[in-house]
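Remarks on the structure that follows.
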């Protein structure tokens, strides 16, 4: 529900022009703050994650997310797949979904 609201709420309002050519209020400036806070909400989750890891004596390693889903988490080999593929098979273990 929140994702649906964010998608609909993050769209820009159409500009409205009055009869005299001046811009009329369309609510865009009111939504601006809400849009920014919704889009920054995920950033807070990472800050909480860093804090919890610090409290537990663990480390967070930040990586560039580009292409990370192409690496097999078990054998660390790069296995390129199309978006429709979700299975990876290891010769020594068999098929898994992770």
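Does residue 70 meet the test of being modelled with pLDDT of 70 or more and surrounded by fewer than 11 Cβ atoms within 10 Å (Cβ to Cβ)? No, not satisfied.
Test residue 49 against the criterion of being assigned to a helix (DSSP H, G or I), modelled with pLDDT of 80 or more and surrounded by 10 or more Cβ atoms within 10 Å (Cβ to Cβ), and give yes or no.
Spelling it out, residue 49 is indeed assigned to a helix (DSSP H, G or I), modelled with pLDDT of 80 or more and surrounded by 10 or more Cβ atoms within 10 Å (Cβ to Cβ).
Pairs please, first residue from segment 58-87 and free of Cβ contacts under 8 Å to residues at least 60 places away in the same chain, second anywhere and surrounded by fewer than 10 Cβ atoms within 10 Å (Cβ to Cβ) and outside any loop (DSSP other than H, G, I, E, B), Cβ atoms under 7 Å, 6+ apart in sequence or on different chains. Hits for this filter: 70/78; 71/78; 87/95.
The values are calculated or read from the model by the stated rules, or taken from the named source; none is laboratory data. The model shown is predicted, which means the values in this text are computed figures rather than measured ones. Heads up, the Cβs are rebuilt from the backbone with ideal geometry, glycines too, and the neighbour counts pull from every protein chain shown.
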